[in-house]
Amino acid sequence: MVRVIPLTDEEKMSIVSGLRSTVPATKLVTLRKLQDIAENRPEAIVYLDVYDKVTLNEIITLLNQIMEYDPDEILRREAMITLEKIKKALGTKFSTFIPLCTSCNSPIDLGWSYCTNCGAEIKSMVFEEEVERCKNCNNYISDSWKFCAHCGTKLKEEEEEVLRCPNCKRPIQPEWIICPYCGYRLKKKP
């Protein structure tokens, strides 16, 4: 069993404010801190994905903004490296599409009924990227959902057996040599 030490509210606030900072050194230190967390505590990133999608989406949005708009080439490169490390920590759960409220441009979760920032109804929003809707209730759904978060309708049949680490029982990729969650050796060195 892996003991997950989630990011504290102070750490999350520090990361978000560091990524928003206008001081390049602060952004760089924050990017490196986020890289360190993604490498050494990937379960903290996965925990964010499960329990605090708003913060994770905000971090990813800020990383994308730095990559696209920051005038400093070093910061753009570090933001790209950080995003890749977060993707690696999230594994197959990572999705590049982050829905934003069409009224206030805040990150939203497709499982919500209303934007938590401005109160706009999510069901009536139209996104740039095509997002599937539930055939039963017509609310937006995520492609990773097996059941609709709004009405409970079954969306997907069970997929093939997921490969799991024999030690911590967490999902793993077949090409991994060592479990990134518990350090268990999955394969002998080639």
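The values are calculated or read from the model by the stated rules, or taken from the named source; none is laboratory data. Remember, it's a predicted structure, so these values are computed and weren't measured experimentally. Ideal geometry is used to build each Cβ from the backbone, glycine not excepted, and the neighbour counts take in all protein chains shown.
What to note about this one:
- Residue that is farthest from the chain's Cα centre (by Cα) [pool: residues in region 132-144 that are surrounded by 16 or more Cβ atoms within 10 Å (Cβ to Cβ) and closer than 13 Å to D109 by Cβ]: N139
- Considering region 150-182, the residues that are in contact with a Phe, Trp or Tyr (Cβ under 7 Å, 6 or more places away or on another chain) and touching a residue at least 40 places away in the same chain (Cβ under 8 Å) include one that is farthest from L110 (Cα to Cα), namely C168.
- Look at (1) touching a residue at least 40 places away in the same chain (Cβ under 8 Å); (2) surrounded by fewer than 16 Cβ atoms within 10 Å (Cβ to Cβ); (3) outside any helix (DSSP H, G or I); (4) aliphatic (A, V, I, L, M) and you find that I5 fails only one, number (1).
- Condition met for W176 (at pLDDT below 90 and over 30 Å from K188 (Cα atoms)): no
- Selection count where residues are free of Cβ contacts under 8 Å to residues at least 12 places away in the same chain and either hydrophobic (A, V, I, L, M, F, W, C) or farther than 30 Å from W176 by Cα (or both), scope region 62-93: 5
- Among the residues here, I98 does not qualify as among the β-branched types (V, I, T) and either surrounded by fewer than 15 Cβ atoms within 10 Å (Cβ to Cβ) or assigned to a helix (DSSP H, G or I) (or both).
- Some residue of region 90-110 being more than 16 Å from the chain's Cα centre (by Cα), on the phi < 0 side of the Ramachandran plot and not hydrophobic (A, V, I, L, M, F, W, C): yes
- Residue within region 46-63 that is over 16 Å from the mean Cα position of the chain (by Cα) and of a type outside the set (V, I, T) present: no
- Cβ pairs under 8 Å, 6+ apart, first in region 96-117 and free of Cβ contacts under 8 Å to residues at least 12 places away in the same chain and outside the structural domain of M80 (by TED's automatic domain parsing), second surrounded by 14 or more Cβ atoms within 10 Å (Cβ to Cβ) and in a loop (DSSP other than H, G, I, E, B): Y114/A120
- Residue selected from region 47-70 under the condition touching a strand residue (DSSP E or B) at 6+ places or on another chain (Cβ under 7 Å) and farther than 11 Å from D109 by Cβ, by the criterion surrounded by the fewest Cβ atoms within 10 Å (Cβ to Cβ): T61
- Residue in region 85-94 that is surrounded by 13 or more Cβ atoms within 10 Å (Cβ to Cβ) and part of a loop (DSSP other than H, G, I, E, B) present: yes
- Every pair of residues 6+ apart whose Cβ atoms lie under 6 Å, when the first sits in region 18-46 and is closer than 17 Å to T61 by Cα and not assigned by TED's automatic domain parsing to the domain that holds C179 while the second is of a type in the set (S, T, N, Q) and not in a helix (DSSP H, G or I): K27/S21
- Any hit, region 138-149, residues being among the β-branched types (V, I, T), in contact (Cβ under 8 Å) with a residue 24 or more places away in the chain and in a loop (DSSP other than H, G, I, E, B): yes
- On the stretch given as region 40-58, residues that are in contact with a Leu (Cβ under 7 Å, 6 or more places away or on another chain) and of a type outside the set (D, E, K, R) total 6.
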